[in-house]
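The values are calculated or read from the model by the stated rules, or taken from the named source; none is laboratory data. Owing to the predicted nature of the structure, the values given are computational and were not obtained by experimental measurement. With ideal geometry, Cβ positions are generated from the backbone for all residues, glycine too; neighbour counts draw on all protein chains shown.
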Amino acid sequence: MKENINPTIIVIFGGTGDLNSRKLGPALYNLYLEGFMPEKFELIGTARSNLTDANYCDFLEDGIKNFSRKGKALKKDWQKFTKHVSYTPADIKDPESLITLKNKIEKIQEEFGPDTQVIYYLAVAPKFFSAIADSLHKYGLAGDKDHTRIVIEKPFGHDLESAQELNQMLKQHFRERQIYRIDHYLGKEAVQNIMAFRFANSLFEPLWNRNYIEHVQISVSESIGVEDRGGYYDGAGALRDMIQNHLLQLLCIIAMEPPTSFDANEIRDRKVDALKSIRKFTNDSVRKNAVRGQYTDGWINGVEVPGYRSEKDVNPESNTETYAAIKFNIDNWRWQGVPFYLRTGKRMQQSSSIITIQFKDVPHQIFQNESVETWQQNRLIISIQPEMSIRLQVQAKRPGLKMVLNPVDMIFDYKGAKHTDTPEAYETLLLDVMTGDQTLFMRVDQVEYAWELLMPILNHWENKTSISFPNYTSGSWGPEEAEALIAKNGFFWYSLPIKHKD
Ligand code: NAP
C-alpha cells in the first residue's frame, strides 16, 4: 500500500555524519526505490564541511554501497534519485551561515506548493539541538505547525533533569505532535510484530497475565565492546544507553494493556500506564534488585579483546557499568507478583535480543518421572535479533512405544521472506515521519517517566564506586551476581542456542 504524502523537504543536520551515511541515506534511497517517496521531494544535507552537491551524492552513494540491505545503487536509479539531493554548508554555531539554507528551503517550498512539509532531522550531537531549534524559530522556519516536523535521536537527555530541560527547550518552538523522538528499536520488524502478535490474536490475551505467566525476561546482549564510542559511553553506561530506552520500551509492549485502537496517542497512553505501574526503587531495593558489571579482557570468537578500562577514551579507573541486570515489579492487577528481569551488556558471549515469557508449570504432574526427564515449562520466546522469530515451546510425546516427553518448538520465523525484503527500522520510521504517524516514537511523558524510574539506580551507582569492577570476563554471560539475582526466585537467564554455520 503506497502512501499519499505531501511534497516533502527533508533537511538533515549532520549530513556528513555516520548516522546519515549508515542509516538515513540508505533508508531514504530504499524508500525511493520502493515508491514510497512522494512525487515532489528534496533531500538537503547540511554540515560544516564544504561539499558540492556532487561530493555529497558521492558520500551518500558510498554509504549505500557499504550499508544498504540492497547493496550498491544501480546507475539508472541513482541518477534519478540524485536529482532530488543537494547540500548546503552551514555551521550551527554561526546562525548567519544558516541564511543560505533558509533561502533554499523557502525557494523549494514555493516551487512545491503550499502543502509542502519540511522535516528537520537532527543527526548531530545533542549539544546542538537547542541552537538549531532557536535558528529555525528565528528564521521563521518552524512557524507552520501543520507542515513542520523535527526528528531527534537518542540520547533524550542524560538524566531526568536534562531530559526535562531538552523537552522544555523543544516545547518553546514546537508542539508535541511535531516532535519525533527516534528509538530505532521500535521500528524493528520483530518489535512491531509483538504488537500484532499480542493484539491481533485472541489466543494469547487470556493467558497474558499473572494467572498463567510466571516471569518475563528481556535480554539484549552484544558481543562488541565500546568500539570508537569510548568517550561517549564512559559518560553514559548500560543503564542510560540501553535500559532507559530500548529495553523499557520492550517491557512496555509486553506489559501494556490492550489499546482501544491503533491510534498513536492511545498506544502511547497505554505504554505510559505500564511505566507508571512499575514499582519505584529505593536505595534498599536497588541493592536487592539491580546488578551492575564491567568487562575485563577475554576472548570473543577466538580473538583476544581488551578490558573496558583499557579501551580508547575510557578512564582507566572508570566506574561506568557495561552491564546491567534489573528486576522490575509491576504493581497492577495484570502483573502483580510476576517479575520482569531486564539485562543488557557489552562483550557478552552472544549478540542477541530476546524476550522470554515463561508460563507457570502445570498444576499437577500425571506423567511418571522417567517420562519427564527433560521437562520444561512452556515458554514463548520472541527473538528480535539476529534471528527474527517467535517460538512457542511446548511438551510433546517423542515418537516411539514409550511415553517419553520432550520439549519442542513451534516456530514462526521470517526465513520464508527474503532477508533483503525486510525493511530496516529507519525505513519504517522515516516513512512514519513523512506520513505523520507518531505511534513508534517516544512521547515526552514516556521519556520522562523512564528517567524518573531509573534515577534512584543511576544515583546509587554513581554515588557508590563499585569495588568489584571489573567483574565479568569478555565473552561470558555477565557477572555472577546477575545469575544470583534471577536464581533467587528459582529461574535462570535464557539464551537461544548459538547456530553454527556449516
Ligand atoms: P558524527 O558522525 O560525529 O556526525 C556529526 C555531524 O555533525 C557531522 O555531519 C558533522 O559534520 C556535523 N557537525 C558537527 N559540528 C557541527 C557544527 N558546528 N555545525 C554544523 N554541523 C556540525 O555523529 P553520528 O554518529 O552521525 O551521530 C549523530 C547523532 O545521532 C548523535 O546524537 C548520535 O548520538 C545519534 N545516533 C547515531 C547513531 C549512529 O549509528 N551513528 C545511532 C543512533 C543515534 P561537519 O564536521 O562536516 O560539520
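In table form, for the structure just shown:
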{"quantity": "Filtered residue count, the range 297-334, keeping only those that are closer than 29 Å to Ala450 by Cα, in a loop (DSSP other than H, G, I, E, B) and not acidic (Asp, Glu)", "calculated": "10"}
{"quantity": "The one condition in (1) over 21 Å from the mean Cα position of the chain (by Cα); (2) in a helix (DSSP H, G or I); (3) not acidic (Asp, Glu) that Thr465 fails to fulfil", "calculated": "(2)"}
{"quantity": "Some residue of the range 212-222 being within 16 Å of the ligand (Cβ to nearest atom), crowded, with 16+ Cβ neighbours inside 10 Å and in the same structural domain as Ile330 (by TED's automatic domain parsing)", "calculated": "yes"}
{"quantity": "Unique residue being free of Cβ contacts under 8 Å to residues at least 40 places away in the same chain and either within 30 Å of Val272 (Cα to Cα) or not acidic (Asp, Glu) (or both) when the list is Arg391, Arg443", "calculated": "Arg391"}
{"quantity": "Looking only at the range 146-185, and only at residues there that are within 16 Å of the ligand (Cβ to nearest atom) and among the hydroxyl-bearing types (Ser, Thr, Tyr), the one that is surrounded by the most Cβ atoms within 10 Å (Cβ to Cβ)", "calculated": "Tyr180"}
{"quantity": "When residues of the range 95-115 are limited to those that are buried (at least 16 other Cβ atoms within 10 Å of the Cβ) and either aliphatic (A, V, I, L, M) or not assigned by TED's automatic domain parsing to the domain that holds Ser21 (or both), the one farthest from the ligand (Cβ to nearest atom)", "calculated": "Ile108"}
{"quantity": "Leading residue by the ranking (surrounded by the fewest Cβ atoms within 10 Å (Cβ to Cβ)) among those in the range 373-400 that are part of a strand (DSSP E or B) and of a type in the set (D, E, K, R)", "calculated": "Lys397"}
{"quantity": "Condition met for Ile92 (touching a residue at least 40 places away in the same chain (Cβ under 8 Å), within 13 Å of the ligand (Cβ to nearest atom) and of a type in the set (A, V, I, L, M))", "calculated": "yes"}
{"quantity": "So Glu61, is it surrounded by 13 or more Cβ atoms within 10 Å (Cβ to Cβ) and at pLDDT below 95", "calculated": "no"}
{"quantity": "Hey, Gly140 assigned to a loop (DSSP other than H, G, I, E, B) and under 26 Å from Tyr29 (Cβ atoms) or not", "calculated": "no"}
{"quantity": "Condition broken by Ser21, with the remaining ones in (1) on the phi > 0 side of the Ramachandran plot; (2) buried (at least 19 other Cβ atoms within 10 Å of the Cβ) satisfied", "calculated": "(1)"}
{"quantity": "Scan of the range 116-138 for residues that are loosely packed, with under 14 Cβ neighbours inside 10 Å and either more than 10 Å from the ligand (Cβ to nearest atom) or under 18 Å from Arg149 (Cβ atoms) (or both), ordered by number", "calculated": "Lys138"}
{"quantity": "Candidates Ala190, Ala196 - the one that is free of Cβ contacts under 8 Å to residues at least 24 places away in the same chain, over 25 Å from Asp144 (Cα atoms) and away from the ligand (no atom under 16 Å from the Cβ)", "calculated": "Ala196"}
{"quantity": "Listing of helices (runs of 4 or more DSSP H) fully contained in the range 1-83 that carry 2 or more residues being among the charged types (D, E, K, R), over 30 Å from Pro114 (Cα atoms) and away from the ligand (no atom under 14 Å from the Cβ)", "calculated": "53-67, 75-81"}
{"quantity": "Residue that is surrounded by the fewest Cβ atoms within 10 Å (Cβ to Cβ), among those in the range 474-483 that are in contact (Cβ under 8 Å) with a residue 24 or more places away in the chain, on the phi < 0 side of the Ramachandran plot and not in a strand (DSSP E or B)", "calculated": "Glu481"}
{"quantity": "Some residue of the range 361-370 being among the aromatic types (Phe, Trp, Tyr) and closer than 30 Å to Asp241 by Cα", "calculated": "no"}
{"quantity": "Long-range neighbours under 6 Å by Cβ, at least six apart or interchain, first residue touching a residue at least 60 places away in the same chain (Cβ under 8 Å) and closer than 12 Å to Tyr426 by Cα within the range 8-24, second within 6 Å of the ligand (Cβ to nearest atom) and part of a loop (DSSP other than H, G, I, E, B)", "calculated": "Leu19/Ala123; Asn20/Ala123"}
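For every residue, the table says whether it meets (1) under 24 Å from the mean Cα position of the chain (by Cα); (2) among the aliphatic types (A, V, I, L, M).
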{"position": "Pro7", "(1), (2)": "no, no"}
{"position": "Ile10", "(1), (2)": "yes, yes"}
{"position": "Arg22", "(1), (2)": "yes, no"}
{"position": "Lys40", "(1), (2)": "no, no"}
{"position": "Lys70", "(1), (2)": "yes, no"}
{"position": "Tyr87", "(1), (2)": "no, no"}
